[in-house]
Structure formats: C-alpha cells, structure tokens
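One structure below.
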Amino acid sequence: MPRWMMGEMRNLKSLMMLLKPLLAEPRRSIIRILSDGVKGTNEIYRALQERGLEMPRSTLYYHLSALEDAGIIEMAGYREEGGGAPEKLWKLKVRKIGIDLVSGEIFKE
C-alpha cells in the first residue's frame, strides 16, 4: 500500500472500530428505539422485549453506558413517578457517523 494512503487507512480503521460495536444487537435496537425521541429506561427495556431481546436489566444498563461513552446517546434528564428512584431519560446525541473523503477525518452529526 502506498505511504500516502496509510493515514487514510488508519482513519477508516478507526471508523470501523467505532461502528462495529454499534451495529451489534442490542445496541442497534436501542439506537432505533431512541430515533423516535426521548425515552425512559423502562420504555427502552419494554421495547427491546417486544423485539424478542430478553436480557437482565443490568445488561441494558451496560449497553446504555457503552453507547453514552461512545458519544452516541446522552441522558436527557429524569422522570420522577411515584416514590421510587427517578428514571433516567435518554436521547440520541448523534444521528450520523461518517468519514470526510477529502480530509480523512471521522465526523459525527
């Protein structure tokens, strides 16, 4: 491979490393669920169950945390109902991820 392409290949590899865990279930389904707007943790959990993705609630928290760490989703606030702990509300932070073909930089929109 020519030397001038090495930098672009590194950027492409970085993009693929970012996308690979996002495209796996249940993270892909979480992103689709949040595409409709702000949802609470319980709403996300029920929607995943409706899609046939059964998992412990702790596993859902793990995937939400991973998506938040990747900068894909963010906490939008809390919902307080009843006397229990407030429920976290989530929303998409990024709808598009790509690579600028001219500069080779990865972008998020």
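The table for this structure:
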quantity	calculated
Among ILE31, ILE99, ILE72: highest mean-square fluctuation, GNM of the chain, C-alpha pairs under 10 Å	ILE99
Shape box of the chain [Cα atoms, principal axes, largest first, Å]	62, 26, 20
Candidates ALA47, ALA24, ALA85, ranked by Gaussian network fluctuation over the chain, Cα under 10 Å, top entry	ALA85
C-alpha long axis of helix 41-50 to longest principal axis of the chain, angle in °	80 degrees
Potential lengthening between ARG57 and LEU18 on full extension [0.36 nm per residue; Cα-Cα distance subtracted]	11.6 nm
Accessible surface of the chain, 1.4 Å probe, proportion on carbon and sulfur as whole %	53 percent
Charge dipole of the chain about the Cα centre (unit charges at C-beta), most positive-ward option of GLY37, LEU60, ILE99	ILE99
Acute angle (nearest 10 degrees) that the helix 3-22 long axis makes with the longest principal axis of the chain, alpha-carbon atoms	10 degrees
Per residue solvent-accessible surface (Å²) - region 1-101, probe of 1.4 Å	66 Å²
Cβ charges +1 (Lys, Arg) and -1 (Asp, Glu), total dipole of the chain, debye	340 debye
Angle in degrees between helix 57-69 and the longest Cα principal axis of the chain, rounded to the nearest 10	40 degrees
Within-13-Å neighbourhood charge of GLU25 [Cβ basis; K, R +1; D, E -1]	+4
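The values are calculated or read from the model by the stated rules, or taken from the named source; none is laboratory data. Owing to the predicted nature of the structure, the values given are computational and were not obtained by experimental measurement. Virtual Cβ from ideal backbone geometry, glycine too; neighbours counted across all protein chains shown. We work out accessible area using only protein heavy atoms, side chains counted, and drop any ligands, DNA or RNA first. Shrake-Rupley method; radii C 1.70, N 1.55, O 1.52, S 1.80 Å.
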